[in-house]
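Report on one structure; see the data block that follows.
The values are calculated or read from the model by the stated rules, or taken from the named source; none is laboratory data. Here the structure is a predicted model, which is why all the values come from computation and not from measurement. Cβ placement follows ideal geometry from the backbone for every residue including glycine, while neighbour counts extend to all protein chains displayed.
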Amino acid sequence: MTTPASKKTDLNKLDEEIMASQEFQRSTMAAKLNWLRAGVLGANDGIVSTAGLVMGVAGATTNSGAILIAGVAGLVAGSISMAGGEYTSVSAQKDSEKAALDKERQELADNPEMELRELAWFYEQKGLSLESAMQVAKELTAKDALKAHAEAELGIDSEAHASPGQAALASFVAFAGGSLLPLLAVTGPWIEFRIQVTVVAVVASLAITGYVGAKIGGAKSGKAIIRNVLVSLLTMATTYGIGLLVGQNV
């Protein structure tokens, strides 16, 4: 015979299993994973962009100083551009979210009954009966009406907003960090083998970023690695070829 105490124990065990599950951990770490994913993509862009730039210059000249100047200029310009773009994008998103929350807050104050029915409607669309949907809507409204409506209607968290400054800094650091690898590879002491060393270094690093990016997203890493490597090889081959052609005619 099942007693209330045993039922509670069983529920507690199920709760512990759910909290320990991969899906639960992934959902609670969603924000951190998004930042990590953005960092990997930023590093990836830095590697490919700077590798293409320095390979193009290396195709046109063997002057290490010229290659270094071009690489550093590309690193700085690319990092600032990425940071500025991310700052603008996240700022616009944050402003839009705040405007939407202000509108929702006003609607809750002006017509709470309509908003309650609207919230219940969203849960009806998810498969709940009218009675259950209304009960859920009432309980959520009693706890935090704005938060409930923001999540159901807008798909945003009313208590958390991305920081434009942090996003910009993360993009700057990620792009600059990725750019350093091809820059160091092409300007190293191995002048006679700078092209080969750069290609190997870029391919290896992009294979790593492709693997990490795929694992973060829960996808298979094979396609991501191949895609990254092929794009980088195409980029370096194209810019190196252009550099050769331009260098011969200068």
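Some values worked out for this structure:
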{"item": "Selection within the range 197-224 - at pLDDT 85 or above and either at positive phi or among the hydrophobic types (A, V, I, L, M, F, W, C) (or both)", "result": "V197, V199, V200, A201, V202, V203, A204, L206, A207, I208"}
{"item": "Cβ-Cβ under 9 Å pairs, at least 6 apart or on other chains, the range 111-138 side modelled with pLDDT under 90, far side exposed (fewer than 13 other Cβ atoms within 10 Å of the Cβ) and part of a loop (DSSP other than H, G, I, E, B)", "result": "A133/K126"}
{"item": "Total residues in the range 70-93, condition farther than 18 Å from L181 by Cα and exposed (fewer than 14 other Cβ atoms within 10 Å of the Cβ)", "result": "4"}
{"item": "Residue within the range 173-185 that is surrounded by 13 or more Cβ atoms within 10 Å (Cβ to Cβ) and more than 22 Å from G78 (Cβ to Cβ) present", "result": "no"}
{"item": "Residues being part of a helix (DSSP H, G or I), out of contact with any helix residue (DSSP H, G or I) (no Cβ under 8 Å at 6 or more places or on another chain) and small (G, A, S) - total across the range 114-144", "result": "1"}
{"item": "Residue satisfying condition, being closer than 14 Å to V173 by Cα and either loosely packed, with under 15 Cβ neighbours inside 10 Å or aliphatic (A, V, I, L, M) (or both), within set L101, L108, L119, L36", "result": "L36"}
